[in-house]
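First comes the structure, then the notes that go with it.
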Amino acid sequence: MNILKRLLTVVLFTTFTSFLFAQTIGIKAGYTLSDLLLKEGGESVSDEFDMRSGFHIGPTFEWRIGEGAGIETALLITTKGVKTNESELFEGIAYSSKSKVNLWYLDIPVFGKLYADVNKSRIYGMLGPYFGIGLSGKTKVEEKGDTESFNEEWDIVWGPDEDD
């Protein structure tokens, strides 16, 4: 509920302030690649992870702050995650294991933007942070042997959980 209040505050702030300045509203969409670094006891245990392809899409808002400068932000729904694919032969029996972690985020970038006109083109650079809010996620695991198989799927739980 707290995240919903913050998101609503950002949307309302954006809506009310859009009447005060010259602004540009648009849509941003793109291809993403994500990876994960996982450490236990100071050692990396994520060497077997492969990058996961995904996408992001959402509205963008840009406010000019004078000649050659501005602020750009967006509300982007982004998919992230990792996958593994392993196989091994143990005592003459072939085993394989596949897993996928699918994550959905609301990413809110807030960039300072500088413009420069060069000949008949405009170039710009942006710098700033972004805030990511985990919305949902799911993990799927599939293991197969010569005579048996195992499939399991569970939801990602966001937030602090002192029991786990």
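The values are calculated or read from the model by the stated rules, or taken from the named source; none is laboratory data. On a predicted model such as this, the values are computed, not experimentally measured, just so you know. Quick reminder, even Gly has a Cβ in these numbers, built from the backbone with ideal geometry, and neighbours come from all protein chains shown. For accessibility, only protein heavy atoms count, side chains too; no ligands or nucleic acids. Shrake-Rupley method; radii C 1.70, N 1.55, O 1.52, S 1.80 Å.
Quick look at the numbers
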item	result
Number of the condition not met by THR139 [criteria: (1) modelled with pLDDT of 90 or more; (2) among the polar types (S, T, N, Q); (3) open to solvent by 50 Å² or more (accessible area, probe 1.4 Å)]	(3)
Of all residues making up segment 90-127, the number that are of a type outside the set (Val, Ile, Thr) and within 17 Å of the chain's Cα centre (by Cα)	9
Count of segment 47-64 residues which are surrounded by fewer than 14 Cβ atoms within 10 Å (Cβ to Cβ) and assigned to a loop (DSSP other than H, G, I, E, B)	2
Evaluation of GLU43 against (1) surrounded by 10 or more Cβ atoms within 10 Å (Cβ to Cβ); (2) of a type outside the set (Val, Ile, Thr); (3) out of contact with any Gly (no Cβ under 9 Å at 6 or more places or on another chain); (4) modelled with pLDDT of 70 or more (one fails), failing number	(1)
Hits in segment 85-118 - residues which are within 15 Å of SER53 (Cβ to Cβ) and surrounded by fewer than 16 Cβ atoms within 10 Å (Cβ to Cβ)	ASN85
